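Every read-out reported here was derived from the displayed coordinates using simple, explicitly stated rules and does not represent laboratory data. This one's a predicted model, so the numbers in the text were calculated from it and none came from an experiment. Every residue, glycine as well, gets a Cβ built from its backbone with ideal geometry; the counts of neighbours run over all protein chains shown.
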Amino acid sequence: MPVIGLDRFQSRVAILNLEMLISQETEIPWTALRYLTGEVVYGGRVTDHWDRRCLNCTLSNFYNPDILNEGFCFSTDGVYCMISESMDFLQCINSIESIPDRDSPGIFGMQDNAEKAYLGNQAKSFMTTIKSIEPRLSAGVQTFREQRSEGEIVFEKAESILKKLPETVEGIQESDDTFLDLAGLLALPTWTAYVQSVKGYDSLVHSALLVILRQEISRFNRLLSVVCSSLHSLCLVVKGQMILTDTLEETYNSFLSMKMPKLWQQHSYESCKPLASWIDDLAERVNFFRTWSRQFTAIAQKRISPGKTLKLTPRKASQLQEIDSPEPYSFWLSAFFFPQGLLTALLQNHARKNSLSVDNVTFEFHVQPFTKLTKEFFSVRKHQSNIWLQAFKHPDPDPDPDPDPERARTHHPAPPDNGAFLLGLYLDGACWDHENQVLQDSSVGQRYSEMPEILFLPVQVDRMSAELPGKRVYECPLYRTSQRAGTLTSTGHSTNFVIPVNLPTHVAASYWVTRGVALLCQLDD
């Protein structure tokens, strides 16, 4: 068991015990050495589980019997090799001096893309420092200095954002439709009567996803209120009708440098996107939850008032087909303020449906073929237009069945009875082999790659599928952003961390650990 949080005396006792054990061994105790270094010496300092796993995998490349073999190399390029016992002193010096001054990624088990990402981060940090000491206007804005003032630029941006964002998730003015939002539906006496009349488990009434939907709408309403209020105040400041406060001044300066204001960050979900991309992303998330809310409202209206239909927001028939489910067919995990809440709700639904304890339920992960829906999602994602619609696509039966299995995969499967499809995840540091359904190395220069839909299937812990002989899986951490860092909670997990996802692989899991492979909910642009 890892030794974590020991005081100095206890750590010293543990080290002495291991030293005594090592001294009694006739052979080199590699396991004890790795434990001593990775868990005892560094274990109390490296508190994150995933960092400690990476540390131990890195140590295993150096603490193993193979290093005693003649000609052993620590990297595949043959540069970092062990010094031979037959070398004299001068040859040893020459061998050491021949090692490059700059370490290659291969010595750490990484690929060349890691070095490119590191240099790219250094360049961004350098440019950020340079930009911070320059005038507030960027080069692109300075070209319009003679035509427009700073105030005009800020006012124009604020107005464009106000036109793009609604004031609330569901509060859209519709002159022709009788609009009923989710809160109004749940307050109806007919809904209360329906809930009381339900006997046994009902997927509409007892679904934990309804609680998650209401919580997410509340969080986004709060964020939209802050954003819209600050934008209205900023417009009044530019017009000279309101006093400029410290908060509004920071927002004003952030608009000039295309950064996200600190006020918005305090009420926002975790994101590393710049201001323009963040606004587009926020609009898509709001559309996702608005559509989910109205879809649930429509289904509930049919249940409680079969003879009365509810008019929803006008939309094209080609975009959304006839509603027959209160939930999306695929969940866009990135849209959630708290994605862990969605996963917990899926487990709760399974536990309630089967009268189980939620503590005895976990997930199995089944990566789906790269369907037409997944291709459409990432294609639309690049153009930042109606991304949310992809999560509400209905099963697309093929009117002209094709015997070709590859073409048969282009249609979205029916929604599962248990669990849910999760759409829109990205792989960082690797890519997905669609033919063999395993992880594989990324191409040179390609750090991120799209991940197909993944079925998160709730199962009982004691009934999980037995691992097939020779089958290997990599426990891949899923993060909200590429930063992979957040606030450490009382549970010991970072707020940026979501859940580990088991992905099949043909090589040892340590291969991907040292490469730092992870799943991401969103990219930085």
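The table for this structure:
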read-out: Under 13 Å, Cβ to Cβ, from Arg53 - net charge with Lys/Arg +1 and Asp/Glu -1; value: -1
read-out: Over 29 Å between alpha carbons, listed pairs Lys273/Lys302; Lys164/Lys259; Lys163/Lys239; Lys239/Lys259; Lys116/Lys259; Lys124/Lys239; value: Lys273/Lys302; Lys124/Lys239
read-out: Residue-by-residue Karplus 3J(HN,Hα) for the stretch 62-70, coefficients 6.51, -1.76, 1.60, Hz, glycine and proline x; value: 10, 9, 8, x, 5, 5, 7, 6, 5
read-out: Inter-label distance, nm, simple model (7 Å from Cα along the C-beta direction), Leu68/Ser355; value: 6.0
read-out: Local electrostatic count, Gly200, Cβ distance below 14 Å [Lys/Arg +1, Asp/Glu -1]; value: +2
read-out: Charge sum, other residues only, whose C-beta stays under 15 Å from Asp66's C-beta, Lys/Arg counted +1 and Asp/Glu -1; value: -1
